[in-house]
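Shown next, in structure tokens, is the structure this report addresses.
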Amino acid sequence: MKSGIIKIITVPVLLAVLAVGFYACTDKFDDLNTDKTKLTSLDASGVGNAFAAAQYRSIQASWQTFQSLFADLQSQFYANVAINFPSDRNVMVGGWLNGAFNGFYNSAVPPLLGVLEATAPGGPSENAAIYAIANIWKVQMFLPRTDYWGPIPYSQVGNGGKSVEYDSQEFIYKDFLKLLKEGAASLQAFKGKNILGDNDQVYQGNVDKWILFANTMRLRVSMRMSKVEPALAKTNAEEAVAGGVLTTNAHDAFLKVTTNSLNPMAQTTAWNEYRMSAAMESVLKGYDDPRMSKYYAPVPGTNTFKGLRNGFSQAQLGLAENAAVANSNVNPAFTPDNMFSTPFAIMYASEAWFLRAEGALKGWNMGTGTAKEFYEKGIEASMKQWGITDAAAIQAYTNSTSTPVALDAGHAVKSPPLSDIPVKWATTPEKQLEQIITQKWLSLWPNGHEAWAEYRRTGYPKLYPRINSENPDVPAGGVVRRTPFTQGEFQTNEPGVQTGISKLGGPDSPATRLWWDKP
């Protein structure tokens, strides 16, 4: 499939895309508009259906080739066990990346553009709330994509021209901050109201929760850019916290699944492509972490949890110790039997607490509390989210001086402990930062693209070097900093992709750091 649709989307094409094959949780997916020439004539039902499609498709479209086969492996939530899949050895598989790029721009972006066009300022008052929520979701949609590629088609998508210019990541991030600030401000007039109802598959139209989500996303974006724009990041982070961020698991954002909109992660887990990573095993076992059984399942026929190192060669993957049946798959809640019942995680309150902990370390005003208190609140929120509610058990975990363990028996490769940090709050700022990000890494599961971005930004948690790399730009001990631009774009949008390369700040290589990714 070619990616040319990003540069030729017009109103009739967009409406045709919305009208055909609408795969989301709502029941009404008929032709959205009888007048194919005016997008703004979408009625309320059409806008709601389009927003539902933008939400679901931004998660579902090419999930396997976008997240599972790249970010989930680079973040070391999992390791590959499929012999013929080379991305765990840092191979940038062109067809997979093409599919990830095209799936997003061809499927998820058109309905979002439709909603934004139909609810632009100047219409009925309720449109202002829908427009704000759609722009907040736009950031959720585009953030992982710019964190993969850097410069991407963004502001000019759907311009009707023969090519689409790429925006720099700096431009995109600063626009994110603007959209989130304006979106949260616009929604203040609608507090206590329900907008979009069941067509909002995340918060079912709860405006108050969307304000918290917008502010937490603004805090996330601010932290990501804190090395390159420290003053701007600080200002926005402090304003976001002052405006209210996620604090309890009642605020957590999940994408609702139904018989029409499945959980794509649960769909793929039976395909025997990945298993628990050695990094996760070292940390979870060392901390005696009760979340291990919530994330993963024991090796079949045993009560033992086991992971494997990332980057094994095809020959090494043929060893009995590295077989799928010899390592831990995910918890049964994330298997195909539950793909129509287990909701898909978008953002947790625990992340907001860890962001505030890191902000407090930087001297930012993160509200009442210390970095240590925010850190411990993050652990508590994550535990409770996974059903671990015993206060004494959570306190014992928080005060634990246990550290990650070495991996030996039953493993194809012996591995030292992943780190020497305990859970109990350390006394030095650098150790404290490692603790915050390590616990954040654990709590982000299964959000691999966010975990990979944070690893690139901070260098934490410490991860095992890959056993092998088949990418000359990124050796086994190196870090994939980004994914290269896709061949489909070179074939159908050559002038546009060249603008992306010019704004990248280095060669179109997986070793080139993104704008925010500074040493």
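Give me the percent of accessible area attributable to carbon and sulfur for the chain, probe 1.4 angstrom.
Numbers: 9820 of 18260 Å².
Answer for the chain: carbon and sulfur cover 54 percent of the accessible area.
Given +1 on the Cβ of Lys and Arg, -1 on the Cβ of Asp and Glu, and no further charges, what dipole in debye does region 156-285 carry about its Cα centre, rounded to the nearest 20? Numbers along the way, then the final one.
Details: 15 positive and 14 negative charges, 34 e Å.
It works out to roughly 160 debye.
What is the packing order of peptides 169-180, 47-58, 186-197, taking the mean over residues of other C-beta atoms within 10 Å and listing the highest first?
Values: 169-180: 21.3, 47-58: 26.8, 186-197: 15.7.
Descending mean neighbour count gives 47-58, 169-180, 186-197.
Against the longest principal axis of the chain, how steep is helix 109-118, in degrees 0 to 90 to the nearest 10, with axes from Cα atoms?
The answer is roughly 40 degrees.
Put one equal scatterer on each alpha carbon of region 192-320, apply the Debye formula with no solvent term, and list log10 I(q)/I(0) at q = 0.09, 0.12 1/Å to two decimals.
Values, matching the q order: -0.49, -0.81.
Once amide H atoms are placed 1.01 Å from N in the peptide plane, what residues at a sequence separation of 5 or more from ILE346, or on another chain, have their amide H within under 5 Å of its amide H?
ALA253, PHE254, LEU255
Over region 339-465, what is the relative contact order in whole percent, taking alpha-carbon pairs under 8 Å and six or more residues apart?
Numbers: 134 pairs, mean separation 28.6, N = 127.
RCO, region 339-465: 22 percent.
Obtain the nm distance between the two label points defined at ALA270 and ALA120 by a simple spin-label model: each point lies 7 Å from its Cα along the Cα-to-C-beta direction.
Output for this residue pair reads 4.6 nm.
So which of LYS384/LYS414; LYS234/LYS440; LYS372/LYS440; LYS209/LYS384 end up more than 23 Å apart by C-alpha? Numbers along the way, then the final one.
Details: LYS384/LYS414 34 Å; LYS234/LYS440 20 Å; LYS372/LYS440 14 Å; LYS209/LYS384 19 Å.
LYS384/LYS414, as the Cα separations exceed 23 Å there.
At 0.36 nm per residue, and after removing the present C-alpha to C-alpha distance, how many nm does the segment from THR302 to ARG513 gain when stretched out fully?
Once the chain is fully extended between THR302 and ARG513, it gains 71.7 nm.
Would you please give the FRET efficiency between LYS431 and GLN487, computed as 1/(1 + (r/R0)^6) with r the Cβ-Cβ distance and R0 = 56 Å, to the nearest 0.05? Each step should come with its number before you reach the end.
Values: r = 44 Å, r/R0 = 0.78.
Step by step, r from the Cβ atoms, then E = 0.80.
Within the set of other residues whose C-beta is less than 12 Å from the C-beta of LEU418, count the net charge using Lys and Arg as +1 and Asp and Glu as -1. Spell out each step's value before the answer.
On the way: positive: LYS285, ARG309, LYS462; negative: GLU281, ASP420, GLU434.
So the surrounding residues net to 0.
Output the relative contact order of the chain, whole-number percent, from Cα pairs under 8 angstrom with separation of 6+ residues.
Relative contact order for the chain comes out at 20 percent.
Please report the relative contact order for region 411-519, taking Cα pairs under 8 Å with a sequence separation of at least 6, and give it as a percent rounded to a whole number. Don't skip to the answer; put the middle values down first.
Values: 83 pairs, mean separation 21.3, N = 109.
20 percent.
Length gain on complete extension for the stretch THR258 to SER155, per 0.36 nm per residue less the alpha carbon to alpha carbon distance? Display every interim value, and only then the final one.
Values: separation 103, 0.36 × 103 = 37.08 nm, distance 3.25 nm.
Taking 0.36 nm per residue and subtracting the Cα distance, the gain is 33.8 nm.
HN-Hα J couplings of region 282-295 from phi, Karplus 6.51/-1.76/1.60, θ = phi - 60°, integer Hz, Gly and Pro as x?
My calculation for region 282-295 gives 4, 6, 5, 5, x, 7, 6, 7, x, 6, 4, 6, 7, 8 Hz in order.
Using each residue's phi in region 503-519, evaluate 6.51 cos²θ - 1.76 cosθ + 1.60 at θ = phi - 60° and report the 3J(HN,Hα) Karplus result to the nearest Hz, with x for Gly and Pro.
9, 7, x, x, x, 6, 9, x, 8, 6, 6, 6, 3, 7, 8, 10, x
Mind jotting down the distance between the C-alpha centroids of region 232-261 and region 151-224, whole Å?
12 Å
Across region 316-328, in residue order, what do the Karplus-derived ³J(HN,Hα) couplings come to in whole Hz, using 6.51 cos²θ - 1.76 cosθ + 1.60 with θ = phi - 60° and x for Gly and Pro?
5, 5, x, 5, 4, 5, 9, 5, 4, 6, 9, 9, 7
Quick one: which residues, 5+ away or cross-chain, put their amide H under 5 Å from the amide H of LEU407? H built at 1.01 Å from N.
SER415
Given a 1.4 Å probe, how much area per residue of the chain is accessible, in Å²?
Counting only protein heavy atoms, the per-residue value for the chain is 35 Å².
Where a Cα-Cα gap under 18 Å defines reach, which lysines qualify for LYS162, not counting those fewer than 8 residues away within the same chain?
LYS2, LYS7
Considering the options ILE152, ALA129, TRP515, tell which one lies farthest towards the positive end of the dipole of the chain, charges being +1 on Lys and Arg and -1 on Asp and Glu at the Cβ, about the Cα centre.
The listed residue farthest towards the positive side: TRP515.
What is the dipole size for region 143-217, taken about its Cα centre, with +1 at each Lys and Arg Cβ and -1 at each Asp and Glu Cβ, in debye to the nearest 20?
Values: 8 positive and 9 negative charges, 34 e Å.
For region 143-217, the charge dipole is close to 160 debye.
The values are calculated or read from the model by the stated rules, or taken from the named source; none is laboratory data. None of the values given here were measured: they were computed from a predicted structure. So basically every Cβ, Gly included, is an ideal-geometry build from the backbone, and we count neighbours across all protein chains shown. We work out accessible area using only protein heavy atoms, side chains counted, and drop any ligands, DNA or RNA first. Shrake-Rupley method; radii C 1.70, N 1.55, O 1.52, S 1.80 Å.
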